[in-house]
Structure formats: structure tokens, C-alpha cells
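One structure is given below, encoded as C-alpha cells.
The values are calculated or read from the model by the stated rules, or taken from the named source; none is laboratory data. Because the structure is a prediction, the values reported are computed rather than measured. Methodologically, a virtual Cβ is constructed for each residue, glycine included, from the backbone with ideal geometry; neighbour enumeration extends over all protein chains shown.
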Amino acid sequence: MQRIELDGFTYVRSVISSDTVIFLSDLIHEMVINRSPNVQFVQDEKLIPRKAKDVHLHYPEIFSNGRLDNAVGIAKSYFDTNEVTLFASTAWLKPAGGTPKPPHQDAAHWTHVIPTDFLTVWIALDPSTVDNGGVHYLPMGGDRTLRRHVRGDVDYVLDTPVQKALGLTEDLQPGDASVHTGFAIHWSEPNTSTRPRRGLALAFAHPDIDSSDHPGMFDSFLRL
Ligand SMILES: O=C(O)CCC(=O)C(=O)O
């Protein structure tokens with residue numbers, strides 16, 4: 001985990017078992033085919049699913065039987081605590097033809113949560129490669145400043161372009177994870193392959209986070 005202090009991101013291999021990859025993939029597929037309101041499509045008429053939000057609220061059992069203990073352990077080690085708060089779980093679906101996710105810092109979405117220190121464990125459910133979109137990071141050294149974001153078509157995006165040519169990425173096998181802090185500038189590219197690139201992003205925060213300005217917010221949080 002040393003690299004996360006230096007670069008704001010790192011890679012951890014084999015975070016979940018192949019059985020858990022199948023288990024999670026089946027649940028997420030169920031959300032899509034049932035057209036859960038939490039599934040967002042790229043364009044309604046194209047029916048390309050983009051992401052499925054709040055997977056842990058639909059299926060709290062994802063944390064049963066120690067399935068995600070390694071992912072939770074990564075967060076505990078980062079925050080140096082015995083417990084962590086899971087406050088978001090998003091399946092990024094990116095099927096063949098899927099669209100890019102523009103450069104951003106996760107912390108820009110979560111300014112209502114204090115302290116502003118987050119860790120996302122993005123677990124590959126398919127091989128993640130350059131041609132199917134990957135996940136790319138801008139090397140930032142230890143820079144932990146939150147840049148200005150603006151509301152784009154679908155998400156918050158950095159208001160100044162990043163030099164994507166400097167971006168770093170590594171291929172992931174199903175079950176591997178890329179891990180980043182809330183300050184890491186990252187993005188994904190269009191999926192130009194014929195294969196899907198799905199990943200489950202679990203967003204963790206310190207156990208003692210406060211979001212009292214947003215009553216009701218805690219209802220969706222999970223202490224792990
Ligand atoms: O998987 C993607 O396309 C985007 C992932 C992402 O932005 C995140 O997990 O924070």
C-alpha cells in the first residue's frame with residue numbers, strides 16, 4: 001500500500017475469488033435486466049447500461065461469507081482503523097461500445113462528507129485492458145488538493161483538461177483491484193473492444209465521518 005501514499009493509487013491482485021466474481025456479476029446482471037431505477041443507461045434508446053448504483057443496498061449479502069473481506073481490509077489498512085464506513089457501491093458496466101468516464105477526483109462528488117478522505121477499491125469483474133476502457137490515473141505525486149469540477153453531461157468533471165498522455169494504467173484480471181484515494185485524478189476510455197469491462201467500485205471512508213448537514217445520508221452507509 002506504500003504506493004498509495006506516493007501516487008494516490010495502487011493495484012492489488014486477487015482481491016476476490018473467482019466464485020465471488022461470478023456471484024457479483026450475476027447480481028449486477030439481475031439489476032440491469034430488472035431495469036432497477038438505480039441502473040443508468042448511456043442513452044435510453046441505445047440501452048447501453050452505464051452504471052448501477054447502491055449495489056450494497058440491493059444486495060447486502062455481497063459482504064456475507066467474507067466475500068469482500070480483502071477489499072474491506074485494504075480500506076482498514078489505509079485508514080489505519082478497525083472499522084470503516086462503506087458509503088457507496090457502484091458497478092461500472094461499460095459493455096462493448098460503452099462510453100468514457102471523464103477525468104475527475106472522487107472527492108469532488110462527496111464534499112458533504114467530512115473528513116474528505118476516501119478510498120475506492122475498484123474490483124474488476126472482467127479483464128480490464130486499454131482497448132475495453134481500463135481505468136487510467138494521472139501521476140500526481142503526493143498532491144492531495146481537490147481541483148475545481150463542473151457539472152458535465154452526466155457527472156462532475158474537472159474543469160481543466162488533463163494531459164491524458166501522461167496517464168498510467170495496468171491490465172487487470174477478474175478479481176484484481178485498482179485502488180485510489182479521493183484525490184487521484186482518474187478516468188476510463190470508450191470500450192472499443194467486443195468485450196465488456198465491468199468493475200465494482202466500493203467507496204470507503206473513515207468510520208467517524210460526519211455528514212450531518214445531509215440528514216438521511218447515513219441510512220445508506222454501512223459500518224464494516
Ligand atoms: O470504471 C469507470 O469507468 C470509472 C470508475 C471511477 O471513476 C471510479 O471508480 O471512481
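Residues that are within 12 Å of the ligand (Cβ to nearest atom), in contact with a Phe, Trp or Tyr (Cβ under 8 Å, 6 or more places away or on another chain), part of a loop (DSSP other than H, G, I, E, B) and not hydrophobic (A, V, I, L, M, F, W, C) do occur in segment 165-172, at least one of them. Number of residues in segment 151-207 that are modelled with pLDDT under 95, under 16 Å from the mean Cα position of the chain (by Cα) and more than 30 Å from residue 22 (Cβ to Cβ): the value is 2. Scan segment 182-195 and tell me whether some residue there is within 13 Å of the ligand (Cβ to nearest atom), assigned to a loop (DSSP other than H, G, I, E, B), touching a residue at least 12 places away in the same chain (Cβ under 8 Å) and of a type in the set (Lys, Arg). No, segment 182-195 contains no residue that is within 13 Å of the ligand (Cβ to nearest atom), assigned to a loop (DSSP other than H, G, I, E, B), touching a residue at least 12 places away in the same chain (Cβ under 8 Å) and of a type in the set (Lys, Arg). Scanning segment 20-50 for residues being at pLDDT 95 or above and not in a helix (DSSP H, G or I) gives a total of 0.
Being under 21 Å from residue 118 (Cβ atoms) and exposed (fewer than 12 other Cβ atoms within 10 Å of the Cβ) is not true of residue 61.
Within the bounds of segment 199-211, is there any residue that is of a type outside the set (Gly, Ala, Ser), within 13 Å of the ligand (Cβ to nearest atom) and in a loop (DSSP other than H, G, I, E, B)? No, every residue in segment 199-211 fails to be of a type outside the set (Gly, Ala, Ser), within 13 Å of the ligand (Cβ to nearest atom) and in a loop (DSSP other than H, G, I, E, B). Return the residues of segment 132-164 that are more than 13 Å from the ligand (Cβ to nearest atom) and of a type outside the set (D, E, K, R); say none if nothing qualifies. Answer for segment 132-164, where residues must be more than 13 Å from the ligand (Cβ to nearest atom) and of a type outside the set (D, E, K, R): 139, 140, 141, 142, 145, 146, 150, 160, 161, 162, 163. The set of residues from segment 1-34 being in contact (Cβ under 8 Å) with a residue 24 or more places away in the chain and touching a Phe, Trp or Tyr at 6+ places or on another chain (Cβ under 8 Å) comprises 1, 4, 7, 8, 9, 27. When the residues of segment 25-58 are filtered to those that are more than 19 Å from residue 197 (Cβ to Cβ) and under 15 Å from the mean Cα position of the chain (by Cα), the one that is surrounded by the fewest Cβ atoms within 10 Å (Cβ to Cβ) is 54.
There is no residue in segment 86-94 that is part of a loop (DSSP other than H, G, I, E, B) and more than 16 Å from residue 53 (Cα to Cα). Checking each residue in segment 71-112 for being within 17 Å of residue 154 (Cβ to Cβ), more than 10 Å from the ligand (Cβ to nearest atom) and aliphatic (A, V, I, L, M) picks out only 108.
Restricting segment 86-136 to residues that are at pLDDT 95 or above and β-branched (Val, Ile, Thr), the residue that is nearest to residue 47 (Cα to Cα) is 90.
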